[in-house]
Amino acid sequence: MSNLNNRTLTLERTFDAPIELVWEAWTQPEHIAQWWGPKGMKTEVIAHNFEVGGSWKYSMKMPDGSDFIANGVYLEIIEFEKIRTSADFKPMTEGVELQILLKKNGNKTNFTFHVVHATEEYCKQQEEMGFYNGWGSTFERLNEYLVEKTL
């Protein structure tokens, strides 16, 4: 197995929202549907069994009307701290692991997002395909959603 760091893409943000709200945004379907996916995409939560071994499946409507399916299985859940899940975003990304790490920072929440790929080559390919723009846009939406909720 190659070096984990060479197979991992990471984004970090500080959300101006309490950790409890950020946790809810990641773990409750009615919240997820409001921010998941890049700007302009509508997301439907098809399955959301938030427990270790539980599966999730979201459908995003592409601008051309086609459906983009994302799904996975929860591997580890530590309340207000960590979510680890397998993930497939067919046909663009398959067989990755998402790691959502949260840390309380007063009334704000420090957020670290890792995507672990099977190989270094696959990781580089995903980065070149626009990993930072796609997830960056998604987390902008999450940030806007959290700000709305905290007003």
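Only one entry of V73, V96 meets the criterion of being in a strand (DSSP E or B) and surrounded by fewer than 17 Cβ atoms within 10 Å (Cβ to Cβ), and that entry is V73. Restrict the check to region 140-149 and report whether at least one residue is β-branched (V, I, T), in a helix (DSSP H, G or I) and either on the phi > 0 side of the Ramachandran plot or loosely packed, with under 15 Cβ neighbours inside 10 Å (or both). Yes, the conditions are met somewhere in region 140-149.
Residues that are outside any helix (DSSP H, G or I), closer than 17 Å to Y74 by Cβ and among the β-branched types (V, I, T) within region 1-55 comprise V45, I46, V52, listed in sequence order. Residues in region 93-123 that are of a type outside the set (A, V, I, L, M, F, W, C) and touching a His at 6+ places or on another chain (Cβ under 9 Å): T93, G95, E97, Q99. Within region 76-90, the set of residues being surrounded by 17 or more Cβ atoms within 10 Å (Cβ to Cβ) and touching a residue at least 40 places away in the same chain (Cβ under 8 Å) comprises just one member, I83. Scanning region 121-151 for residues that are aliphatic (A, V, I, L, M) and free of Cβ contacts under 8 Å to residues at least 60 places away in the same chain, we see that the one that is farthest from K42 (Cα to Cα) is L151. None of E30, E24 is out of contact with any Phe, Trp or Tyr (no Cβ under 7 Å at 6 or more places or on another chain), of a type in the set (D, E) and surrounded by 12 or more Cβ atoms within 10 Å (Cβ to Cβ) except E24.
Every read-out reported here was derived from the displayed coordinates using simple, explicitly stated rules and does not represent laboratory data. Quick caveat, the model's predicted, so the values are computed rather than measured. Every residue, glycine as well, gets a Cβ built from its backbone with ideal geometry; the counts of neighbours run over all protein chains shown.
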